[in-house]
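Here's the structure, in structure tokens; my notes come after.
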Amino acid sequence: MQTATHEILDIEAIRRDFPILDQVVNGRQLVYFDNAATTQKPLPVLHALTRYYEGYNANIHRGIHTLAEKATSAFEASRRAIQQFLNAAHVEEIIFTYGTTDGINLVAQTYGRRFLKEGDEIIITTMEHHSNIVPWQMLCEEKGCVLKVIPIDDNGDLILEEYEKLLSERTKFVSAVHVSNAMGTINPVKFLIEKAHAVGAKVLIDGAQASSHIDIDVQALDADFYVFSAHKLYGPTGMGVLYGKRDMLNAMPPWRGGGEMIKEVTFEKTTYNDLPYKFEAGTPNIADVIAVYAALEYIETLGKKKIADYEHSLLEYATEALESIEGLRIIGQSAEKISVVSFVLDGIHHQDTGVILDQQGIAVRTGHHCTQPLMRRFNLTGTTRASFAVYNTKEEIDRLVQGLLRVKKMML
């Protein structure tokens with residue numbers, strides 16, 4: 001299967017689509033293994049940004065001149081593309097945000113404030129990113145809700161029996177990550193949603209890490225809300241998506257006030273706009289929204305399954321290679337993972353590991369990965385994380401292994 005994938009995907013040609021990879025860092029050819037933080041951007045995305053600013057830079061929706069109409073058309077084309085990407089039932093269920101964090105906060109501050117009350121329970125998981133912890137803590141402090149946490153086992157998998165024990169008629173909301181950014185664990189989100197719905201709770205899924213690796217069908221999942229960021233799927237930074245079921249979004253109050261989210265304003269009363277614009281106040285991130293279309297088109301051209309198969313081959317290769325290093329321990333050994341390997345080296349601080357690898361031109365992420373509660377679960381302050389994308393190679397993984405052997409030689 002791996003050979004067939006190599007034949008289908010021309011990795012060298014793909015690498016040429018990402019000009020940032022063709023550079024020397026600290027005297028060595030760059031190896032970029034920080035894709036879980038942000039992926040690099042292919043030429044079609046860069047060109048889409050340039051075309052907008054050079055050719056039809058204008059504000060959208062309110063102008064009647066040619067440039068404004070062209071910008072509006074391209075902006076809304078991205079909304080329709082994202083609808084298809086998620087298989088949402090209605091285009092107005094796609095709300096543009098500034099990222100995953102922004103989408104979670106929007107739901108917490110609108111749905112949460114309106115519908116949750118003192119004593120209601122919110123369930124999250126041990127492996128959540130801080131952006132899916134802090135907004136719910138803030139809501140609990142304000143409303144008197146109770147935050148509960150699904151534990152994980154030593155492999156980094158959710159203990160589903162404990163989740164079922166947490167559920168009750170008091171459970172009103174569940175917010176869970178689809179894929180762990182720190183370990184790569186793929187959570188059984190359809191199961192989480194079904195169990196939550198059975199007790200009448202609503203569910204938000206954080207798809208920041210899943211969006212570039214897994215086919216997402218929000219209707220099949222029956223997710224009430226789904227959020228992700230463009231910059232983790234080869235798109236621009238500062239642009240994200242909130243999907244919400246139409247009836248849910250209609251029931252929620254606006255979050256930000258200003259232009260675009262209104263129908264009519266008087267000093268006595270304001271009437272709000274229809275979906276999706278009710279939640280899109282002010283001038284949006286027009287260029288980056290437009291460029292998302294190019295990112296999704298690029299992924300579709302390569303084929304998401306082909307990308308996933310190739311990345312899985314990298315994960316398998318890296319896991320075997322890294323486990324051969326004495327004193328290295330991988331954190332997160334789930335049978336269901338995306339292409340993320342998080343590890344510690346006995347006796348060596350993760351920050352030292354990252355610095356020495358950078359000196360060799362290898363970019364990895366070190367630290368707690370905005371998952372401090374998860375790190376505490378494993379009695380760690382942080383890990384070194386290598387995360388792979390479609391433009392990475394096994395030869396680069398070999399360089400990582402050699403780099404880690406050098407780390408050991410220097411530090412031990």
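The table below lists the values:
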{"quantity": "Output for the range 103-117, where each listed residue is over 14 Å from A223 (Cβ atoms) and open to solvent by less than 20 Å² (accessible area, probe 1.4 Å)", "calculated": "L106, A108, T110, G112, L116"}
{"quantity": "Residue pairs meeting the criteria (Cβ under 6 Å; at least 6 apart or on separate chains; first assigned to a strand (DSSP E or B), in the range 180-193; second of a type in the set (A, V, I, L, M))", "calculated": "I186/V179"}
{"quantity": "Failed criterion for N26 (all others in (1) closer than 22 Å to L242 by Cα; (2) surrounded by fewer than 17 Cβ atoms within 10 Å (Cβ to Cβ); (3) assigned by TED's automatic domain parsing to the domain that holds Q402 hold)", "calculated": "(1)"}
{"quantity": "Selection status of G103, assigned to a loop (DSSP other than H, G, I, E, B), under 19 Å from E280 (Cβ atoms) and either assigned by TED's automatic domain parsing to the domain that holds Q209 or of a type outside the set (D, E) (or both)", "calculated": "no"}
{"quantity": "Cβ-Cβ under 7 Å pairs, at least 6 apart or on other chains, the range 348-364 side of a type in the set (D, E, K, R), far side part of a helix (DSSP H, G or I)", "calculated": "D352/M411"}
{"quantity": "Every pair of residues 6+ apart whose Cβ atoms lie under 8 Å, when the first sits in the range 288-301 and is in contact (Cβ under 8 Å) with a residue 40 or more places away in the chain while the second is open to solvent by 20 Å² or more (accessible area, probe 1.4 Å) and of a type in the set (S, T, Y)", "calculated": "D288/T237"}
{"quantity": "Verdict on A208 being within 20 Å of the chain's Cα centre (by Cα) and part of a helix (DSSP H, G or I)", "calculated": "no"}
{"quantity": "Among the candidates D247, D215, D222, residue that is open to solvent by 30 Å² or more (accessible area, probe 1.4 Å), on the phi > 0 side of the Ramachandran plot and not hydrophobic (A, V, I, L, M, F, W, C)", "calculated": "D222"}
{"quantity": "Hits in the range 354-372 - residues which are over 25 Å from the mean Cα position of the chain (by Cα) and either in the same structural domain as N181 (by TED's automatic domain parsing) or among the β-branched types (V, I, T) (or both)", "calculated": "V355, I356"}
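The values are calculated or read from the model by the stated rules, or taken from the named source; none is laboratory data. From a predicted model like this one, the values you see are computed outputs, not experimental measurements. Here the Cβ is made from the backbone with ideal geometry for all residues, glycine too, and neighbour counts use every protein chain on show. Keep in mind that these areas ignore ligands, DNA and RNA; they rest on the heavy atoms of the full protein, side chains included. Shrake-Rupley method; radii C 1.70, N 1.55, O 1.52, S 1.80 Å.
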